[in-house]
1. What are the DSSP H helices in chain B that stretch 18 Å or more along their long axis, judged by alpha-carbon atoms, and whose average Kyte-Doolittle hydropathy comes to at least -0.5?
2. In segment B:5-219, with Lys and Arg counted as +1 and Asp and Glu as -1 at Cβ, which of these residues, B:Ile7, B:Asn82, B:Leu47, has the Cα nearest the positive end of the dipole, that is, farthest along it?
3. From the label point of B:Gly196, set 7 Å from Cα along Cα→Cβ, how far away are the matching label points in the other copies, in nm, ordered shortest to longest?
4. Using the crude model of +1 on Lys and Arg Cβ and -1 on Asp and Glu Cβ, and no other charge, please compute the dipole size for chain A relative to its Cα centre, in debye to 20.
5. Tell me which residues come under 5 Å, amide H to amide H, from B:Met92 once H is placed; ignore anything under 5 positions away on its chain.
6. For segment A:107-223, state the semi-axes of the equivalent ellipsoid (square roots of 5 times the eigenvalues of the alpha-carbon gyration tensor), sorted largest first and rounded to whole angstrom.
7. Considering only lysines 8 or more places apart in sequence, or on different chains, count the pairs in chain B whose C-alpha atoms sit under 25 Å apart.
8. Take B:Glu80, A:Glu189 and order them by how many other Cβ atoms sit within 10 Å, fewest up front.
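Please treat every number below as a calculation from the coordinates, not as lab data. Bear in mind the structure is a predicted one, so any value in this text is a computation, not a measurement. We place every Cβ from the backbone using ideal geometry, glycine too, and count neighbours over all the protein chains shown.
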Number of protein chains: 2
Amino acid sequence: MVRELRIAVLASGQGTDLQSIIDASEKQMIDADVVVVLSDKKEAYALKRARHHTIPAFFVDPKHKTREEHEHAMTRILKEHNVELIVEAGYMRLLTPSFVKQWYGELINIHPALLPSFKGVDGQGDALAYGVRISGCTTHFTDEDMDHGPIILQAAIKVKPQDTRDDLASRILAVEHQILPRTIQLFAEGRLTIHGRSVLISPGDSWLDKYPRLDDVLYGEGY
Amino acid sequence: MVRELRIAVLASGQGTDLQSIIDASEKQMIDADVVVVLSDKKEAYALKRARHHTIPAFFVDPKHKTREEHEHAMTRILKEHNVELIVEAGYMRLLTPSFVKQWYGELINIHPALLPSFKGVDGQGDALAYGVRISGCTTHFTDEDMDHGPIILQAAIKVKPQDTRDDLASRILAVEHQILPRTIQLFAEGRLTIHGRSVLISPGDSWLDKYPRLDDVLYGEGY
């Protein structure tokens, strides 16, 4: 039996990226389990999703705490759950350099744009406002700068002329739900190595075949 | 008989983008002719290419001139040749705001990256150094800021793990040679309208069918 990688997910909102990990895990498409979910928002639907799947889920209240105190509370929970990988999946709070350093190489983020374009809280809206013809999403190791760490996978999609911000966001989200489980599986297989700004993906099983491709998406994930 | 759009090309180097326009024109894939080529480099191979096709080609020496004087000399030649569209194709000199304003909407640039990522002189090397999995190229109307104006077409390609800067540059170049003639043809057909930062492409003939697609490229050119 394959050992399952123990994942924590940090989420502030709907938690659809979280759901994509849970689904991939339950379908045994990835050798990983979400063992705990943390949120900085009491009402985050991500917490409800976790509980629905009997995954421990914690609201860690940032109010009346310094950032360090807040992260200290998170770290305690992460350690209690023997977490091996932390996934920021729509987590809208910036982590401190000391938290990031502590988990460097075991902390990843997914961003709804082709980084380094459109960092920040509204990658989809900013792409639309800029007038790009192509956008996408990116998974990367988190470093001390926002949306900046070494890139793991990217996928590109077309921006359509009629797109509203929500149209674009939902098409990007569909691709996020593909590249996030792939990223986690590469990590679980021990195939990701950081060399400065580059992430080397070592050859391995034909894991890509497990994940059906979407049309009109360019997958940047070669090795 | 279709009227041919009169194009000027500004180039500082090899002129392969220029060649892609000349080829498309000679094959009558675009309703446009290159009527004059200007360079700021005496030895630019672009000038040789132009002369080989009996296209008037001028070295406009920037030495001992202010930028305004240099551009004034260029403008005189452009006007003498009744130019309707100016294409910056590997032109490495920044144009002044007053030149850009004078030709706004009739001046386009091609850049070897998915703007707004990797502006500047080495879009390919910068993309590689950053560690992106996907890069590409962009055509856009030139405005007063470098590599910034409203985007016309983009195309995305994969960055491969073994890529040297030259490997990546040459794969991007192959796609540049596709989207540049397409961009010119859209302009020639009067199908491009600038709305703020967006370029609206109005529906028209199925011109795309004339241009064979490359594998593993995502074309951002919907209308």
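1. B:165-188
2. Farthest towards the positive pole: B:Leu47.
3. 4.0
4. Values: 26 positive and 32 negative charges, 48 e Å.
Dipole magnitude for chain A comes out near 240 debye.
5. Amide H neighbours of B:Met92: B:Ser12.
6. On the way: eigenvalues 119, 59, 20 Å².
Sorted largest first and rounded, they come to 24, 17, 10 Å.
7. Counting lysine pairs in chain B gives 22.
8. Lowest to highest Cβ neighbour count: B:Glu80, A:Glu189.
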